[in-house]
Amino acid sequence: MLHSTYGKGIPYEAFMGRAFKCMERDTRKGTCGSIYELLIQLEDGTALYRKVSYAAQLEKLKKWLEKAINAFLKRKLDPAEQVLLRQLLFFLRSAQTSSDLELIIEKGLDVTQRFKIY
């Protein structure tokens with residue numbers, strides 16, 4: 001199904017927006033949800049754009065998520081938030097699927113709720 005991933009990039013976009021205090025959707029900066037949706041499509045074989053491999057897209061997303069988590073860690077956080085974000089960083093390094101990233105993004109959104117900008 002062509003639109004099976006439609007909307008699955010929204011939590012990713014929200015997390016990246018909170019991390020970098022922007023709502024700009026930019027694929028070059030890693031803040032656009034379509035980047036995450038492409039990973040899911042590559043994973044299930046429905047991607048129309050196949051110039052990038054699944055492994056390369058996964059590594060790219062992991063790099064951007066790591067930058068986002070590190071951006072949060074530079075802020076004034078309470079000790080519990082710091083611990084949870086560092087745990088997410090640890091889990092991110094061993095993530096192998098879009099489902100793993102989805103869990104990290106969801107937990108990241110929970111931890112960073114007070115930084116919500118919209």
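Readers should treat all values here as calculations from the given coordinates under stated rules, not as data from a laboratory. Predicted model, so just to flag it, every value in this text is computed and none were measured. All Cβ positions, glycine included, derive from the backbone under ideal geometry; neighbour counts span all protein chains shown.
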Margin query: Based only on other Cβ atoms within 10 Å, what is the fewest-to-most ordering of S99, S94?
Written below: S94, S99
Checklist line | Table column - 3J(HN,Hα) (Hz), segment 86-95, Karplus curve with 6.51, -1.76, 1.60, x for Gly and Pro | finding: 5, 5, 4, 4, 5, 5, 4, 5, 9, 5
Notebook entry, point to check: Between F91 and K8, what is the spin-label point distance in nm, taking each point 7 Å from the Cα along the Cα→C-beta axis?
Noted result: 1.8 nm
Margin query: Per-residue counts of other Cβ atoms within 10 Å, averaged by peptide: what ranking do you get for 111-117, 17-23, highest first?
Written below: 17-23, 111-117
Check: Over the chain, with a single point scatterer placed on each C-alpha, what log10 of the ratio I(q)/I(0) does the Debye formula yield at q = 0.10, 0.13 1/Å?
Finding: -0.28, -0.47
Check: From the backbone phi of segment 99-106, what are the Karplus-calculated ³J(HN,Hα) couplings (6.51 cos²θ - 1.76 cosθ + 1.60, θ = phi - 60°) in whole Hz, Gly and Pro given as x?
Finding: 5, 4, 5, 4, 5, 5, 5, 4
Margin query: Can you give me the distance in nm between label points at K21 and K67, each placed 7 Å from the Cα along the Cα-to-Cβ direction?
Written below: 1.7 nm
Next item on the list: Taking 7 Å along the Cα-to-C-beta vector as the label spot, tell me the K51-K74 distance in nanometres, rounded to one decimal.
Entry: 3.0 nm
Notebook entry, point to check: Got a sec to turn the phi values of segment 34-47 into Karplus ³J(HN,Hα) couplings, 6.51 cos²θ - 1.76 cosθ + 1.60 with θ = phi - 60°, whole Hz, x for Gly and Pro?
Noted result: 5, 5, 5, 4, 4, 4, 4, 5, 5, 5, 9, x, 9, 5
Checklist line | Proximal aspartates and glutamates relative to K116, as straight alpha-carbon distance under 17 Å, when same-chain residues fewer than 8 apart are discounted | finding: E13, E24, D78, E81, E106
